[in-house]
Amino acid sequence: MTHRDATPSRGTGPDRTDHGRTGPPRPPGAERTERELREALRALAGGVLPDPDAYRTARGEWLRRERRRRLVLTVLVAVVFALATLIGLWVLNQAPSNPGVIFSGDGAAAADGPSLPRLRP
């Protein structure tokens, strides 16, 4: 017999079983209290009736919220698009008005000015 065979698993020893264990002692009249409480709850639950238009009301509320979400999303997209357009136009307007290096000549065609010598074959 090996050590593994002789050692029981955790929680399975004879002192850890729940067989025959009872709960704490019940106070006198507990059955009567439970019965009265059960009857009271049954009477209370029997008096609750569902609203006949509950589904229609819930669905209408859900549809209103969904429309509102879509409207808010549409407005948000329009605002972002307009803001991006305005920023782009503002950036383009901030460009210097004087010509850059590429357009530094007097406006004459490039063929009129000096050119590189051509190699003759």
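Given 0.36 nm per residue, what is the gain on full extension from Ala58 to Leu41 after removing their alpha carbon distance, in nm?
Here the answer is 3.4 nm.
Compute the separation of the alpha-carbon centres of region 29-49 and region 63-83 and state it in Å as a whole number.
51
Roughly how many nanometres apart are two label points built 7 Å out from the Cα toward the Cβ at Val79 and Ser97?
That separation, rounded to one decimal, is 3.5 nm.
Bear in mind that the values in this text are calculations on the coordinates, not laboratory data. Because the structure is predicted, anything quoted here is derived from the model rather than measured. Heads up, the Cβs are rebuilt from the backbone with ideal geometry, glycines too, and the neighbour counts pull from every protein chain shown.
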